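Worksheet: one structure, shown below.
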Amino acid sequence: MPSKLLALLGALALSTSLAQTPAVSPERELLQRAVTPLWGPASLRSSVLVGQPPADLGFALPQGSRVIGSVVTETPDPAYPAGVTVYFDTALTPEQVDAHFARVLAPVGWKVFPLPAGGPYPEGGFLPSTPVGGRPYYRQNPDQQLSIQTRRVGGITQVTLGRQRAPDLAQTLRYAQDERFNPAQLLPKLMPPAGATVSPRGGGGSGDNVTQYAGIESTLSRSALFDHYANQLRQGGWTLRNRADAGTLSSSLWSFTQDGKERIGLLLIGEAGKGQYRATLGLQGLE
């Protein structure tokens, strides 16, 4: 057979094969790229299921739930916590969602994760205007963890359910109830102002030092917002030692006693724009 004819047949076969490959929409390709973690192994692959949970989820969602979709991550690397995240809405209250999963998970081997004194989401520092609820679970052989986060928005409960393999489960269980790994519990609870939107934005701790950050949207002035939180600190036994207002920042230094030790507290309220604030709450021990 002439070489030119062979080349033509090869090209036709390739084009037929490509034509039979299901096309991926630009939107789905972008979404799958966006949800694939950059720090994962090269073999990591993510897929998006619109409007449905994965077929192998292993338990039922609350009846009548509206599933937004799921993100599935897969890799042959056993050390990577691959798994699935399911997003759905339900008319049930967060408490009813907890009760549903307590009922359906136990028969298939899931156990409630041992919790620290403050619960699955230890409350301390700037409390969010929309509290996050939920309950974590685990099971062994294969080792997996399951997190269920709920948030009430209007008359709907938004649920994020994440199931992933847990290569370090034994170590995680050993440390689960150690308060040193939940430093936010050392901070006083600060309720948000009426009508404000407060979003905790992380922080950390080491030894006697703890810091937490939050974003705040409020119609209050910076001074009124500062006074709102300062009043709660006073009620919690903190004593104001110094306050300074300069430019767009209000800073303050406090002292208090905790567990028989003298400690120093810090409260900062910075104005990022009209009605937009950045807040910092911290404490440290005195040597």
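Annotations for the structure displayed:
- Being under 26 Å from Ser129 (Cα atoms), open to solvent by less than 40 Å² (accessible area, probe 1.4 Å) and touching a helix residue (DSSP H, G or I) at 6+ places or on another chain (Cβ under 8 Å) is a condition met by at least one residue of segment 234-251.
- Ala194 satisfies every condition listed in (1) at pLDDT 90 or above; (2) open to solvent by 70 Å² or more (accessible area, probe 1.4 Å); (3) under 20 Å from Ser251 (Cα atoms) except (3).
- Identification of strands (runs of 3 or more DSSP E) wholly contained in segment 209-287 with 3 or more residues that are over 25 Å from the mean Cα position of the chain (by Cα) and outside the structural domain of Gly125 (by the TED database) yields 239-246, 249-258, 261-273.
- Being over 16 Å from Gln149 (Cα atoms) and touching a residue at least 40 places away in the same chain (Cβ under 8 Å) holds for only one residue in Ala79, Ala91, and it is Ala79.
- Positions within segment 66-89 being of a type outside the set (Val, Ile, Thr), part of a loop (DSSP other than H, G, I, E, B) and either within 22 Å of Arg28 (Cα to Cα) or open to solvent by less than 30 Å² (accessible area, probe 1.4 Å) (or both), in sequence order: Tyr80, Ala82
The values are calculated or read from the model by the stated rules, or taken from the named source; none is laboratory data. It should be emphasised that the depicted structure is a prediction, and the values quoted were computed from it without experimental measurement. We place every Cβ from the backbone using ideal geometry, glycine too, and count neighbours over all the protein chains shown. Surface accessibility is based on the protein's heavy atoms, side chains included, excluding ligands, DNA and RNA. Shrake-Rupley method; radii C 1.70, N 1.55, O 1.52, S 1.80 Å.
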